[in-house]
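Student: Take this structure, written in structure tokens, and hold onto it; I'll ask about it next.
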Amino acid sequence: MKHYLYFEATALLYILTIVTFIFFFAGVFVTVSLWRRGKAKSLYHSISTPAIIKAFIVNVVLQLQIIKFSFIRWVMHSCIFIGFMGLLALTAWEAFLADIMPADTALVKIFFNNGGRLILDVWGEVFGTMLLAGLIIALLRRYVFRVAQLDTILKDTLSISLLLVISVSGFIAEAFRLMTIPESPDLIYSFTGLIFAKMFTAAGIPALDYKLFVWLHGLAAMLFIALIPFSKMWHAFASPIEIILDASEKQGKHEEEAAGAHYSVSRS
């Protein structure tokens, strides 16, 4: 636990994390079970690995299917998806290094020395800034400009609110931490957090205990993760699976049709 960058993990944090993922996987099981009951078998053809890889890169990671309809929607979806998943992966990586890997291993020393720590800082800022930018676009489209095709319901508001709390509380925590080390040369690596810190300083807001906001950040993230299978955010996880399977099936069907046509020609 001593290897955590700026926040010492506690037994309560571990317990809450375990409970969160129990709810998450239970929700996934229930949701997938209900989904399979109402869906006919679709993957009749052999799995096409190249088609799966292409669909994953083009439609899941880059989400280029959205850009055909709206560039702004593509930017919004990409920022929220990559930002949140990046933060989740970064947190999991830090937890793995801090709690599973032995403290004297080279990998832990690389990432928890000053240079490695700053690399993690930068990526945390990048993913956090992407998430915040995507949420700002979502808020403007849904609640300010009220785009016609958007039907806002309670689930939408809850998901966006939790993501906003996750994003903003993380930067507030970072800002208060940076305000305690105003002369540090490493401040530039936390570029968005530094903007928040300068705003608070200019407004005369004193540096509060940043760990309180780390807890708020963590609890909001846990609640969001636990609710994913029951919220509209589930489509962000289910859609990639559908996209990949559909791409594989279409490729498999195409290959079988091509093979059948070749067989017919050779017989004639």
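The values are calculated or read from the model by the stated rules, or taken from the named source; none is laboratory data. As the structure is a prediction and not an experimental result, all values here were calculated from the model. So basically every Cβ, Gly included, is an ideal-geometry build from the backbone, and we count neighbours across all protein chains shown.
Student: Being of a type in the set (Val, Ile, Thr), closer than 18 Å to PHE196 by Cβ and at pLDDT below 95: is that true of VAL122 here?
Tutor: In short, yes.
Student: A further question follows. From the list ILE67, ILE72, ILE100, pick out the single residue that is in contact (Cβ under 8 Å) with a residue 24 or more places away in the chain and not hydroxyl-bearing (Ser, Thr, Tyr).
Tutor: None of the other options fit; the residue is ILE72.
Student: Okay, next question. Tell me the residue from HIS262, HIS235 that is at pLDDT 65 or above, surrounded by fewer than 15 Cβ atoms within 10 Å (Cβ to Cβ) and assigned to a helix (DSSP H, G or I), please.
Tutor: Result: HIS235 is the single residue among HIS262, HIS235 that is at pLDDT 65 or above, surrounded by fewer than 15 Cβ atoms within 10 Å (Cβ to Cβ) and assigned to a helix (DSSP H, G or I).
Student: To continue, here is another question. Could you please give the count of residues in the range 159-199 that are part of a helix (DSSP H, G or I) and polar (S, T, N, Q)?
Tutor: 5
Student: Looking at (1) surrounded by 14 or more Cβ atoms within 10 Å (Cβ to Cβ); (2) at pLDDT 85 or above, find the lone condition where GLN65 falls short.
Tutor: The single condition GLN65 does not satisfy is (2).
Student: Does ASP121 count as more than 26 Å from TRP74 (Cβ to Cβ), among the acidic types (Asp, Glu) and part of a helix (DSSP H, G or I)?
Tutor: Yes, satisfied.
Student: Within the range 76-115, restricting attention to residues that are among the acidic types (Asp, Glu) and surrounded by 12 or more Cβ atoms within 10 Å (Cβ to Cβ), which residue is modelled with the highest pLDDT?
Tutor: Looking at residues that are among the acidic types (Asp, Glu) and surrounded by 12 or more Cβ atoms within 10 Å (Cβ to Cβ), I get GLU94.
Student: On the basis of being modelled with pLDDT under 90, over 19 Å from the mean Cα position of the chain (by Cα) and surrounded by fewer than 17 Cβ atoms within 10 Å (Cβ to Cβ), does LYS253 make the cut?
Tutor: So LYS253 passes the test.
Student: Suppose we filter VAL126, VAL147, VAL168 for residues that are surrounded by fewer than 18 Cβ atoms within 10 Å (Cβ to Cβ) and touching a residue at least 24 places away in the same chain (Cβ under 8 Å); which single one remains?
Tutor: Of the residues listed, the single one that is surrounded by fewer than 18 Cβ atoms within 10 Å (Cβ to Cβ) and touching a residue at least 24 places away in the same chain (Cβ under 8 Å) is VAL126.
Student: Now a separate question. Identify, from the list ASP156, ASP246, the residue that is in a helix (DSSP H, G or I), among the charged types (D, E, K, R), modelled with pLDDT under 70 and surrounded by 15 or more Cβ atoms within 10 Å (Cβ to Cβ).
Tutor: None of the other options fit; the residue is ASP246.
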